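Trainee: Structure below; questions to follow.
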Amino acid sequence: MSRAVAITGIGMITPLGKTAPEVWAKLARGETAHAPPGSFDAAAFACPWCAEVKDFQPELYTREPKMLRLMNRDSQLAVAAAHLALADAELRIGVDYPPEAVALFGATGTAGMPLGEIGGLIRSSVSPTGQFDPMRFGQEGLRAINPLLSFKILSNMPVCFVSISENIQGPNAIYTPWEGQGAQAIDAGRRAILRGEVPCALVGGCDVKTHDQAFLTLEQQGWFEPWKQGQIGPVPGEGAVFLVLEAEAQARARGARCHARLAGQGFATRFPGESLTEACAAVLRQGLGTPPAAARILISAADGNAATEQAEVFALASQPGPPAEKIIRPKCQAGNLFAAAAAFQVGLGAWLAGQEHGRVQAHCFGHGSEQAAFRLEAP
Amino acid sequence: MRRRIVVTGLGLCTPVGSGPGDFWPNLLAGRSGIGPITRFAAGALPVRIGGEVKGLDLPAFPEAEPGDDRKVRLGLAAARLALGDAGLAEANLEPGLLSVGVCLEFFSLERVAPVAGAADMIQALARQWQAGAGGPPLQIPLDFLTQQLGKHYRFRRGWSTNCSACAAGAQAVGEAFQRLREGEAELALAGAADSTLNPLGLGGFSLLRILAQENDRPQAACRPFDATRQGTVLSEGAAFLVLETEARARQRGARIYAEITGYATSLDAYRVSDPEPSGRGAVRCMSQALADAGLAPEAIDSINAHGTGTPKNDLTETQAIKQVFGEHARRIPVYAIKSMTGHMIAASGAVEAAAACLSLYTGRIPPTINLQHPDPLCDLDYVAGQAREFAGRTVLSNSFGFGGQNASLVFQRLADEPLDGLANGPGGTAWAGTGSRPLLSSE
């Protein structure tokens, strides 16, 4: 018996909305979440905008509100999105499946925080000559640290908080730090189901690239180059998206609605210095079922970076078959969610596949070495 | 039929030794790698001890720029040693998989300090960077080591960076094992690297009160399963394993240390700071790994414990072992090499996987040192003080991590491998340091 894997739950906390229909409606209206950062002055950076999640109340999404003080924003977003995904799937852990039969695979981004949160530590640890002084750090700087800092900088914490909040006890792993690793998390859940290890997996990612330190890190990685060249480039965003994957037969047996079936996937590693186009084309040549461009809807990886967009276009052009009827570029309106971006692309694609009863292809191309794409079909 | 996956190369950089000639003999001799912190002025920190890797001689990686990111240096060195040990230093690795475990990102306080007096530090840093002031970036992404290894050795597919904290090393090895077993490739380089021995790492962990603060007796500070244990000791290190299908390894006449036969993970879903007291996550993890290997509990001959030396972890792990193995638990030697290496966080699971392979390959198991005051609640055979001969065929290696992530690996000696495989290895003296097998005394 084939073990088709279905997406039965979608949970998203994104700059464009907190449900797939809401995000889709705003995309269709051409709304964007791009705006100057609310938490710092971006004047020093070429990119003046970011895409923030507004009106986020983390206490609404967890059974363990006391834990919120241990969490950074990445973790709070992850816990909320995971909760929404399980609610969307109407999945009761401990009732529909035992906790150990649910896997959890997530992706997290570069662990960062607003520099202000450790500003006291830094100022207390500087010598009169303006150098970092480990002795001052030990004597005074440590007193300025939140004792719970480690919980906010360890990259595995968002997923661990999800497991605690939702009582998920099954197989797990956490990948970092880009969109491609988010795609790997989705695939890890798919493979765990296919090998019969679990009937259900919660997969997704979270990231926050809207604070000052994240902007500095992106600046140092050259991510703002298009902006420096006078173009409207990619916009850093924040958010979390989780998806409930289930063995389709078992999902149907419990009466679950299936948004879409994971019908194919492709992965390729972009070797440093090599063309992104070739890596994207290599992805599209793998396992996506019928010719990739035959998808009715294409969730493009385009995020405003002309080089990425060009690579995607050329890769598509190298594939046989007719073009997609619709091309959607969610990152151009919701910002780039980095480690959460793959789940965002796939989640939106799954919802559209279910709504329009069509075949959707979601691309996870861009920064980092790992490139991926998923094919989604109406069940 | 499942493909069989074997370990054909080991590379380590640890506080008890980095080369093949010193890591394993030092471990068997019970030598601690813990000492006063020397890499920075730690005198004002509450914890001033750790396990530093000494004499790290990084082979030339001209394209790598690890800067001050110590874990990257350690990882590059360990990976090179592993591939050399497997006889693959010059091999075409393009079809292979690369699976890397890491934990904490490098964050340069030194870079921020000069602008600490600025009204807006981030603006000052950004302008400094844009002006080409040079220096390392504020943060180095966690996949930097993966990128460097992939690029240098030209792995062409499946680069994976796992950040599952203390379970990351075991998960990196376990995932590579699964993917090879499922036919995705024939070969993988899998392992992990980490260093928390910097002001922010050591300071941050010390605030969590999980570290032993016995600065005046560093070598005795980490005491897994001892009644007087006070906490773990942070250290740094890296280990990489070369995994291959048995068919490929046989075809090229490779030395085989051990076979990996089982892997499982679980979550405690309890607290981010403490293990779940009943040990349910650890129980499930070990049980699933045994099931994956197709082994009954009675078939396990030794356990390479997570054994951190924290009061809660050691008790929970002991109770979990008893639940899984029943009466057989008292017959299994359970050893904790963190008593000598300290806790290398992400790297620990990979280093301990390598130690498990070496125990099967050399027919010896290392001791748990500093165990002098038996804890009535930790009442298994912890191989206290002295290494032992080991004629068993199976090892279970546990990594139970911060945040509640657990991973267990099962290693087995191949049926046709001689007990003391060392004599057949290249160089003859590679891992055991001696051809004979006397019982070794700990220091």
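Trainee: Counting just the residues of segment B:123-165 that are open to solvent by 40 Å² or more (accessible area, probe 1.4 Å) and among the hydrophobic types (A, V, I, L, M, F, W, C), which one comes out nearest to the chain's Cα centre (by Cα)?
Mentor: Within segment B:123-165, the match that is nearest to the chain's Cα centre (by Cα) is B:Phe144.
Trainee: Does at least one position in segment B:172-183 carry a residue that is crowded, with 24+ Cβ neighbours inside 10 Å, at the interface with chain A (Cβ under 10 Å from one of its Cβ atoms) and of a type outside the set (A, V, I, L, M)?
Mentor: There is at least one residue in segment B:172-183 that is crowded, with 24+ Cβ neighbours inside 10 Å, at the interface with chain A (Cβ under 10 Å from one of its Cβ atoms) and of a type outside the set (A, V, I, L, M).
Trainee: Please determine whether any residue of segment A:196-210 is assigned to a helix (DSSP H, G or I), in the same structural domain as A:Tyr61 (by TED's automatic domain parsing) and of a type in the set (A, V, I, L, M).
Mentor: Looking for residues that are assigned to a helix (DSSP H, G or I), in the same structural domain as A:Tyr61 (by TED's automatic domain parsing) and of a type in the set (A, V, I, L, M), one finds none in segment A:196-210, hence no.
Trainee: Going through segment A:183-200 one residue at a time, which ones are within 12 Å of chain B (Cβ to nearest Cβ) and open to solvent by less than 10 Å² (accessible area, probe 1.4 Å)?
Mentor: A:Ala183, A:Ala185, A:Ala188, A:Ala192, A:Val198
Trainee: Scan A:Glu377, A:Glu356, A:Glu370 and give me the residue that is modelled with pLDDT under 90 and either out of contact with any Asp or Glu (no Cβ under 7 Å at 6 or more places or on another chain) or closer than 19 Å to A:Asp187 by Cβ (or both).
Mentor: A:Glu356
Trainee: Looking at (1) farther than 19 Å from A:Thr19 by Cα; (2) in a helix (DSSP H, G or I); (3) away from chain B (no Cβ under 12 Å), find the lone condition where A:Lys66 falls short.
Mentor: Just one mismatch for A:Lys66, condition (3).
Rundown of residues vs (1) touching a residue at least 60 places away in the same chain (Cβ under 8 Å); (2) surrounded by fewer than 23 Cβ atoms within 10 Å (Cβ to Cβ); (3) out of contact with any Cys (no Cβ under 9 Å at 6 or more places or on another chain); (4) within 14 Å of chain A (Cβ to nearest Cβ), yes/no style:
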position: B:Pro15; (1), (2), (3), (4): yes, no, yes, no
position: B:Gly33; (1), (2), (3), (4): yes, no, yes, no
position: B:Ile37; (1), (2), (3), (4): yes, no, yes, yes
position: B:Arg48; (1), (2), (3), (4): yes, yes, yes, yes
position: B:Val53; (1), (2), (3), (4): yes, no, no, no
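Trainee: Could you tell me whether segment B:230-244 includes any residue that is at pLDDT 95 or above and open to solvent by 10 Å² or more (accessible area, probe 1.4 Å)?
Mentor: yes
Trainee: Out of (1) away from chain A (no Cβ under 12 Å); (2) under 15 Å from A:Leu154 (Cβ atoms), what's the single condition that is false for B:Thr196?
Mentor: (1)
Residues are listed down the side, and each one gets a yes or a no for (1) of a type outside the set (Ser, Thr, Tyr); (2) surrounded by fewer than 23 Cβ atoms within 10 Å (Cβ to Cβ); (3) out of contact with any Lys or Arg (no Cβ under 9 Å at 6 or more places or on another chain):
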| position | (1), (2), (3) |
| --- | --- |
| A:Ala89 | yes, no, no |
| A:Arg92 | yes, yes, yes |
| A:Asp96 | yes, yes, no |
| A:Ala101 | yes, yes, yes |
| A:Leu104 | yes, no, yes |
| A:Gly112 | yes, no, no |
| A:Leu115 | yes, yes, yes |
| A:Ile122 | yes, yes, yes |
| A:Ser125 | no, no, no |
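Trainee: Another question about this same structure. Would you tally the residues in segment A:121-166 being more than 7 Å from chain B (Cβ to nearest Cβ), of a type in the set (Gly, Ala, Ser) and over 31 Å from the mean Cα position of the chain (by Cα)?
Mentor: Summing the residues that are more than 7 Å from chain B (Cβ to nearest Cβ), of a type in the set (Gly, Ala, Ser) and over 31 Å from the mean Cα position of the chain (by Cα) in segment A:121-166 gives 4.
So that you can scan it fast, the table gives a plain yes or no per residue for (1) within 12 Å of chain A (Cβ to nearest Cβ); (2) within 20 Å of the chain's Cα centre (by Cα); (3) not small (Gly, Ala, Ser):
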{"site": "B:Glu259", "(1), (2), (3)": "no, yes, yes"}
{"site": "B:Val272", "(1), (2), (3)": "yes, no, yes"}
{"site": "B:Ala289", "(1), (2), (3)": "yes, yes, no"}
{"site": "B:Leu295", "(1), (2), (3)": "no, no, yes"}
{"site": "B:Ile303", "(1), (2), (3)": "no, yes, yes"}
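Trainee: Next question, about the same structure. Kindly provide the set of residues from segment B:346-380 that are open to solvent by 10 Å² or more (accessible area, probe 1.4 Å), closer than 26 Å to B:Phe205 by Cα and not in a loop (DSSP other than H, G, I, E, B), ordered by number.
Mentor: Of everything in segment B:346-380, just one residue is open to solvent by 10 Å² or more (accessible area, probe 1.4 Å), closer than 26 Å to B:Phe205 by Cα and not in a loop (DSSP other than H, G, I, E, B), namely B:Asp375.
Trainee: Oh, and also: Of all residues being of a type in the set (Asp, Glu) and within 9 Å of chain A (Cβ to nearest Cβ) in segment B:92-122, which is most open to solvent (accessible area, probe 1.4 Å)? Just the residue, please.
Mentor: B:Glu110
Okay, residues lined up against (1) open to solvent by 30 Å² or more (accessible area, probe 1.4 Å); (2) in contact (Cβ under 8 Å) with a residue 60 or more places away in the chain:
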| site | (1), (2) |
| --- | --- |
| A:Val5 | no, yes |
| A:Ile13 | no, yes |
| A:Gly17 | no, no |
| A:Glu22 | yes, no |
| A:Glu31 | yes, yes |
| A:Pro37 | no, yes |
| A:Ala43 | yes, no |
| A:Cys47 | no, yes |
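Trainee: Please count how many residues of segment A:92-120 are more than 8 Å from every other protein chain (Cβ to nearest Cβ), part of a helix (DSSP H, G or I) and in contact with a helix residue (DSSP H, G or I) (Cβ under 7 Å, 6 or more places away or on another chain).
Mentor: Residues meeting the conditions: 1.
Trainee: Picking from A:Pro234, A:Pro226, A:Pro272, which residue would you name as being farther than 17 Å from A:Gly349 by Cβ and touching a Phe, Trp or Tyr at 6+ places or on another chain (Cβ under 8 Å)?
Mentor: Only one candidate passes the filter, namely A:Pro234.
Trainee: Yes or no: A:Val283 out of contact with any Ser or Thr (no Cβ under 9 Å at 6 or more places or on another chain), in a helix (DSSP H, G or I) and open to solvent by less than 10 Å² (accessible area, probe 1.4 Å)? If you could, list the steps in order and put the result at the bottom.
Mentor: Values: out of contact with any Ser or Thr (no Cβ under 9 Å at 6 or more places or on another chain): yes; in a helix (DSSP H, G or I): yes; open to solvent by less than 10 Å² (accessible area, probe 1.4 Å): yes.
Criteria met by A:Val283.
Trainee: Checking B:Asp143 against (1) in contact (Cβ under 8 Å) with a residue 60 or more places away in the chain; (2) at the interface with chain A (Cβ under 7 Å from one of its Cβ atoms), which test does it fail?
Mentor: Among (1) in contact (Cβ under 8 Å) with a residue 60 or more places away in the chain; (2) at the interface with chain A (Cβ under 7 Å from one of its Cβ atoms), the lone unmet condition for B:Asp143 is (1).
Trainee: Specify the residue that is surrounded by the fewest Cβ atoms within 10 Å (Cβ to Cβ); the eligible residues are those in segment A:128-177 that are of a type in the set (Ser, Thr, Tyr) and at pLDDT below 95.
Mentor: A:Thr129
Trainee: Can you tell me how many residues in segment A:215-250 are surrounded by fewer than 24 Cβ atoms within 10 Å (Cβ to Cβ) and among the aliphatic types (A, V, I, L, M)?
Mentor: Number satisfying all stated conditions: 4.
Trainee: Taking the options B:Ala423, B:Ala384, name whichever one is at pLDDT 95 or above, open to solvent by 10 Å² or more (accessible area, probe 1.4 Å) and closer than 19 Å to B:Leu28 by Cβ.
Mentor: Matching residue, one of B:Ala423, B:Ala384: B:Ala384.
Trainee: For B:Ala165, which of the numbered conditions (1) more than 9 Å from every other protein chain (Cβ to nearest Cβ); (2) out of contact with any helix residue (DSSP H, G or I) (no Cβ under 6 Å at 6 or more places or on another chain); (3) among the small types (Gly, Ala, Ser) fails to hold?
Mentor: Every listed condition holds for B:Ala165 apart from (1).
Trainee: Filter segment B:399-416 down to residues that are modelled with pLDDT of 95 or more and open to solvent by 10 Å² or more (accessible area, probe 1.4 Å) and give me whichever is farthest from the other protein chains (Cβ to nearest Cβ).
Mentor: Of everything passing the filter in segment B:399-416, B:Arg413 is farthest from the other protein chains (Cβ to nearest Cβ).
Trainee: Being of a type outside the set (Val, Ile, Thr) and open to solvent by less than 10 Å² (accessible area, probe 1.4 Å) is the filter; apply it to segment B:327-342 and report the residue that is nearest to B:Asp22 (Cα to Cα).
Mentor: B:Met340
Trainee: So, B:Ala356, is that one over 21 Å from B:Asp274 (Cα atoms) and in contact (Cβ under 8 Å) with a residue 24 or more places away in the chain or not?
Mentor: Numbers: over 21 Å from B:Asp274 (Cα atoms): yes; in contact (Cβ under 8 Å) with a residue 24 or more places away in the chain: yes.
Taking the combined requirement at face value, the residue satisfies it.
The values are calculated or read from the model by the stated rules, or taken from the named source; none is laboratory data. Predicted, not measured: the structure shown is a model, and the values here were computed from it. Note: ideal-geometry Cβ built from the backbone for every residue, glycine included; neighbour counts use all protein chains shown. With ligands, DNA and RNA removed, areas are computed over all heavy atoms of the protein, side chains included. Shrake-Rupley method; radii C 1.70, N 1.55, O 1.52, S 1.80 Å.
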